[in-house]
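Undergrad: Got a structure for you, questions after.
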Amino acid sequence: MRFILFICLSVGFFATAQNLKSPSDFHGYELGTQFTRHHEVVDYYEYLADTDAARVKLIEYGQTNERRPLILAFISTAENLQNLEAIREAHLKATTGGNKAEKAIVWMSYNVHGNESVSTEASMQTIYELLTSKSSYLENTIVIIDPCINPDGRDRYSNWYNQYKNTPYQVDPNSKEHHEGWWTGRSNHYMFDLNRDWAWLTQVESQQRLKVYNKWLPHVHVDFHEQGVNSPYFFAPAAEPYHEVITKFQRDFQETIGKNHAKYFDANGWFYFTKEVFDLFYPSYGDTYPTYNGAIGMTYEQGGSGRAGLGILTRNGDTLTLKDRIAHHLTTGLSTVEVAAKNVEKINAEFQKFYQNRSFKYKSYVLKGKKDNLKALSTLLDAHNIEYGHAPLTTLKGFNYSTGTTGSLKTDEHTLVVSTNQPKGTMVKVLFEPNAKLSDSLTYDITAWSLPYAYGLNTLASTSLVNQIDPNPKSATTKTEIAKSTYAYITDWDSMEDARFLAELLQSKIKVRTAYAPFSVDGTSFKRGSLIITAADNDNHTDFTQTLKRIVSKHTAINLHATSSGFVDTGKDFGSGYVQQIQNPKVAVLSGSPTSTLRFGEIWHFFEKQLNYPITVLDTEYVDRVDMDAYDVLILPGGYYNQYYNEDKLKALKEWVRNGGKLIAMGRAIDGIDGEHGFSIKKKKTEKDTASVKPMAHEEQEREQMKNAITGAIFKTKIDNTHPLAYGYGTEYFTLKLGSSAYDYLKNGTVAYLEKNTDPVSGFAGSDAQKRITNSLVFGVEDYGRGNVIYMVDNPLFRGFWENGKLFFANALFMVN
Ligand SMILES: [Zn+2]
C-alpha cells in the first residue's frame, strides 16, 4: 500500500513539477517589472500549494493589524512532507538531548522591512526554483519560507510606488518615485520596526510568528533585507561584535555559507562585502534571535530598499533594476539551502551540541517585586517557551542587580526563579545577565537590555542552581463585593495593569480620585497615587455598580478594598484637598515630519494596544489650523525639530500651556522647545564642547566619536517619588539611555535624575558622554501658568519593551496636574 502510494506520489510530483507555473507565468508579467501586491503573492503561494500539494504545504499563522494574512510555505519532497510532524518532533528532541535527526531545517524570512521591496518578489522565484531546477536540495531538507513578515508595510510601499511611478520608470534618483516620504513602508502598521521586536514581541506579527518559530527552531535562518542604493550585497559572516554565547561552529558555518555565495557572485562578477556593519549582539533581530536559539542566523542585504523602485541610477552611473536585485537574493537563498543540504549531518550534530554542555556563570536568576511586573515578565517568558518556577521561602546570596555587588535577597511567595539548565538556557543568559559582554564597542544599536532592569525587579543572579517549587495553591482570593452600601473602593497604583484599569474606568465615565498623600484606612495602608472610587462622586452615573463590576471582573489582577467610611486612620480624608479627581484627558500626538516615525509609532501603539485609551493623531501639515483648546494633552514624539518651532509657533504653544495645556516632550523633541524663546529647560554643556579642535588621524575618527556616544545603556537614577510623575515607584529607577543629550536639573520638578556616578550598570557609554550626563535630568515637570511641561529625556516607550518605565508615562497623563 505504502509502496504503491509512493509510486503514485512520485509520478504526480513529476507531472506537476514539469507543469508548475513560474511567478512570471502565473502573474502575467515578467517578475521584476512590477511590484506584486501582497494578496497576489499569497495567490501564487496558494496556487503552488494547490497544484503541488504533495510538496508544498501552506499555513496561515496569523493576521496583521490591517487584516492581511501571514503565511508560511513548507516545501520538501513528497515523502518528507508526509512525515512533516515526525520530522519536526525528531528535530526538537535534539534540544533535550535526544538522538540527532536526519533532515536539515532551513527557514527563510522575507520583507520584514516592508519597503525593502525586492525580498517578497525574490521569495517567489526562490520557491519556484526549489520546486523545479533545484529540487534535489529537498531530498534531506525542509525549507520553510515566510514570503512576507510585514505585509502591511510591504503593501504600503508597493501601493505608494504604483501611484507615484513614472511610465516607463524614471531612473533619475530625484524623481518622486524614489522619495517615499514620512509614512514609510519600512515599519508595520504601528510604525514599529519588526526587526527589533523578535525578543520583545510587542507586535502582533512577531507574537504570531514566534509561536510557529518555536515549534521548529530551524538549523538555519535567513532574514532578507535591503540597504542603501549604492551598497554592494552583504552576506555572512557578520561583523563584530558577536555575543559571547555564539559558538565556534556558528561562526565557522557562517563562513562556509558566505564562501558558497561568493562562488556564485564571483562567477557573475557581482560585488559584495562581508564582516562589516551588521553585527550579532542585540537579541531582537532576525539573525541574533535565531542564533541564540541554536541556528545559523544571518542577515542578507541587497542594495536598493524604498529608494530603488523598478530601477535607479547608482553613484557609479549604473542602473540598478528590480530584476538585478531579485537575481542576487535568489542566488543567496538557493545557495543557503544548497549548503544546508550538503551538511545535514554536521548541522544536526552541532544543533544538538548547542543545546548541551552549555555552562554559564550564573545558573539561576531570582526575581522579586511588583506582582503585576512579575506577571508581565512571565507572559513574555511563556511566549519564548522559557521555563520558570517559584522560589522557596529563604534568603539567597548572589549578584544583586540594584547594588551591583554581592548581596542577599529574601524571597517571598511571588518570587520567580529562571534558570539556565533548560533548553532555552542560552536565551535566559542573553536576556537576564546583568551585563552582556561586548567584543567591540562599535555597534549602533543598544548595548544593554537586561530584563530585570526593564521590568524593575529586585534581582539576584546566583552561580548555583536555585530550587524551584510549585506555587502555593492560590488561597482563593475572594473578590471584593461591589455593593450599593459601600462608601468607597480603593486600589493601589504601581503598574501598567493599574493604568489600564484606570483608563477603562475613565472611559466608562466613572469618576476616580487619587491620593496625593499616603493614608491608611481599616488598618490597611495605601501609598500616594492609590485610586479611590467613591459612591458620592458617581451618584449621577446611570449604572455605577454594574459598570464597576464589569470592569473589575475583566481586570483580574485588580484587588479593590471596600470601605464604609471616608474617615481615614492616618493621612488625609477623602474629602481633603489631598485627594483629587483624576481628569479624563483628551490626548493628541504630533505626527509627520519632523517627528520620527518610530518614536511616533511607539506612542500610538502605547495608547491603542497597551493602555487602551483613545488618542488623536495630528499631522504637522495641518496642526497649525487645529483648535488646540479641544485637547488637554499634546505629546511631542522624539524627532528632528531643529527649525520646526520658530518664534511664532513657540509663542502659540506656550500660550496653550499657560492656559492649562499639558505638553509631554520626549527625547529630542526637547531640543525643539528649549532656548531663548522656549521653555526653561537648559541643555548641558561640557568643557569638550568648547575646547579647541585638535587634528586626528582619519582612521581614528570613528572610534574617537564613540567617546561621545551612548547608543543604549542602562543607568541607575534617583527618584523623587513624592512627585505625581513618580507615583508607584520606589526611590530608584533603572533607565535605558539612548543618547548623550543632557539637560540641567529643573528649578522645581526634577523627578528622575542622575547625580555624580554615571557609570552604566549595563552596556557601553563613552567617557565624554558620561561626563556630559553627570547631574542631569531624566524626567521632570515644569509648571507653567495653569499648565505644565513634562520632559522625558529618556524614552520609557522605546520599542515598547521597557515595562517598568511605562507607569511614568501613565503618571504624566493621569497623575500630574
Ligand atoms: Zn532591513
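The values are calculated or read from the model by the stated rules, or taken from the named source; none is laboratory data. Computed from a prediction, not measured in an experiment: that's the story for all the values here. No Cβ is skipped: glycine too gets one built from the backbone with ideal geometry, and neighbour counts run over all protein chains shown. For accessibility, only protein heavy atoms count, side chains too; no ligands or nucleic acids. Shrake-Rupley method; radii C 1.70, N 1.55, O 1.52, S 1.80 Å.
Undergrad: Can you give the extra length, in nm with one decimal, that the chain gains between Ala349 and Asp266 once fully stretched, where that is 0.36 nm per residue apart less the Cα-Cα distance?
TA: Between Ala349 and Asp266, full extension yields 26.8 nm more.
Undergrad: Okay, next question. Cross-link candidates for Lys756: which lysines have Cα within less than 23 Å, leaving aside residues fewer than 8 places away along the same chain?
TA: Of all the lysines, those that pass the test against Lys756 - Cα under 23 Å, at least 8 places apart if same chain - are Lys682, Lys683, Lys684, Lys685, Lys688, Lys707, Lys716, Lys718, Lys737, Lys747, Lys771.
Undergrad: Using only Cα atoms, find the angle between the long axis of helix 38-51 and the longest principal axis of the chain, and express it within 0 to 90 degrees, rounded to the nearest 10.
TA: That helix lies at roughly 50 degrees to the long axis.
Undergrad: Let me ask something additional. Taking 25 Å as R0, compute the FRET efficiency from the Cβ-Cβ separation of Lys176 and His39 and round it to 0.05.
TA: With R0 = 25 Å, the Cβ-Cβ based efficiency is 0.50.
Undergrad: Taking R0 as 35 Å, what's the FRET efficiency between Asn612 and Ser767 from their Cβ-Cβ distance, rounded to 0.05?
TA: 0.20
Undergrad: Just need the Rg to Rh number for the chain, please, alpha carbons only, Kirkwood Rh.
TA: With Rh from the inverse mean 1/r over Cα pairs, Rg/Rh is 0.98.
Undergrad: For Glu244, which sequence-distant residues (separation of 5 or more, or a different chain) have an amide H within less than 5 Å of its own amide H, given hydrogens modelled in the peptide plane?
TA: Hits under the 5 Å cutoff: Lys437.
Undergrad: Follow-up. How much area per residue is accessible in region 151-277 when the probe is 1.4 Å and only protein heavy atoms are counted (Å²)?
TA: Using a 1.4 Å probe on heavy atoms only, each residue of region 151-277 averages 38 Å².
Undergrad: Taking Rh as the Kirkwood radius computed over C-alpha pairs, what is the Stokes-Einstein D of region 696-777 at 37 °C in a medium of viscosity 0.692 mPa s, expressed in µm² per second?
TA: Estimated via Stokes-Einstein, D reaches 241 µm²/s.
Undergrad: May I pose another question? Which whole-number percent gives the relative contact order of the chain, counting Cα pairs below 8 Å spaced six or more residues apart?
TA: Reported relative contact order: 10 percent.
Undergrad: Can I ask one more? Taking the Cα centre as origin and putting +1 on Lys and Arg beta-carbons and -1 on Asp and Glu beta-carbons, what dipole magnitude results for the chain, to the nearest 20 debye?
TA: Here the size comes out at about 1680 debye.
Undergrad: Which cross-chain or sequence-distant (5 or more) residues have an amide H under 5 Å from the amide H of Thr299, H modelled 1.01 Å from N in plane?
TA: Asp223
Undergrad: May I have the convex hull volume per residue, in Å³, for the Cα set of region 399-454?
TA: Cα convex hull per residue, to the nearest whole number: 123 Å³.
Undergrad: At 0.36 nm per residue, minus the direct Cα-Cα distance, what do His541 and Lys361 gain on full extension? Give it in nm, one decimal, please.
TA: Computed gain between His541 and Lys361 is 59.0 nm.
Undergrad: Go through His698, Asn435, Leu280 and say which Cα lies farthest out towards the positive end of the charge dipole of the chain; charges sit on Cβ, +1 for Lys and Arg, -1 for Asp and Glu.
TA: Checked the options; the winner is Asn435.
Undergrad: Would you work out the relative contact order for region 420-528, in percent, from Cα pairs under 8 angstrom that are 6 or more residues apart?
TA: Relative CO of region 420-528 lands at 12 percent.
Undergrad: Among the chymotrypsin sites (Phe, Trp or Tyr not before Pro) within region 505-599, which fall in a DSSP loop and have no more than 14 other Cβ atoms within 10 Å of their own Cβ?
TA: Phe567
Undergrad: Shifting gears a bit: Please report, largest first and rounded to whole Å, the three semi-axes of the ellipsoid equivalent to region 239-305, where each semi-axis is the square root of five times an eigenvalue of the C-alpha gyration tensor.
TA: Equivalent ellipsoid semi-axes, largest first: 23, 14, 10 Å.
Undergrad: Hey, what's region 315-418 come to in accessible area per residue, 1.4 Å probe, Å²?
TA: Result: 45 Å² per residue.
Undergrad: Would you kindly state how much longer the chain becomes between Lys275 and Arg658 on full extension, computed as 0.36 nm times their sequence separation minus their alpha carbon distance, in nm to one decimal?
TA: 132.4 nm
Undergrad: Just from its helices, what would the mean residue ellipticity at 222 nm be for the chain, if runs of 4 or more DSSP H residues each count -39500 (n - 2.57) and the sum is divided by every residue, rounded to the nearest 500 deg cm²/dmol?
TA: Calculated mean residue ellipticity at 222 nm is -9000 deg cm²/dmol.
Undergrad: Work from the charge dipole of region 478-582 (Cβ charges, +1 for Lys and Arg, -1 for Asp and Glu, about the Cα centre) and give the residue of Asn559, Gln507, Ile532 farthest towards its positive end.
TA: Gln507
Undergrad: Moving on. Using only Cα atoms, find the angle between the long axis of helix 204-216 and the longest principal axis of the chain, and express it within 0 to 90 degrees, rounded to the nearest 10.
TA: Result, in degrees: 50.
Undergrad: To make sure I understand the rule: partners must be aspartates and glutamates, Cα under 20 Å from the Cα of Lys361, and not fewer than 8 residues away in the same chain. Which ones qualify?
TA: Straight-line reach from Lys361, under 20 Å: Glu244, Glu387, Glu433.
Undergrad: Still on this structure, please answer the following. Expressed as a whole percentage, what fraction of the accessible surface of the chain belongs to carbon and sulfur atoms when a 1.4 Å probe is rolled over the protein heavy atoms?
TA: The C+S portion of the solvent-accessible surface of the chain is 48 percent.
Undergrad: What is the set of long-range amide H partners of Val521 at a cut-off below 5 Å, with H atoms built 1.01 Å from backbone N?
TA: Those qualifying (amide H under 5 Å, at least 5 residues apart or on another chain) are Phe526, Asp569.
Undergrad: Quick check for you: with a 1.4 Å probe and neighbouring chains kept, what is the accessible area per residue of region 727-817, in Å²?
TA: 30
Undergrad: Report Rg/Rh for region 115-259, rounded to two decimals, where Rg is the Cα radius of gyration and Rh the Kirkwood radius.
TA: So for region 115-259, dividing Rg by the Kirkwood Rh gives 0.99.
Undergrad: Under 20 Å from the Cα of Lys103, which lysines turn up, not counting those fewer than eight places away in the same chain?
TA: Lys57, Lys93, Lys134, Lys215, Lys342, Lys346, Lys353
Undergrad: Roughly how far apart, in whole Å, are the Cα centres of region 342-386 and region 122-164?
TA: First find each Cα centre; the distance between them is then 30 Å.
Undergrad: Let me ask something else. Where the centre of each part is set by its Cα atoms, how far does region 599-666 sit from region 255-314, in angstrom?
TA: Comparing the Cα centres of region 599-666 and region 255-314, I get a distance of 39 Å.
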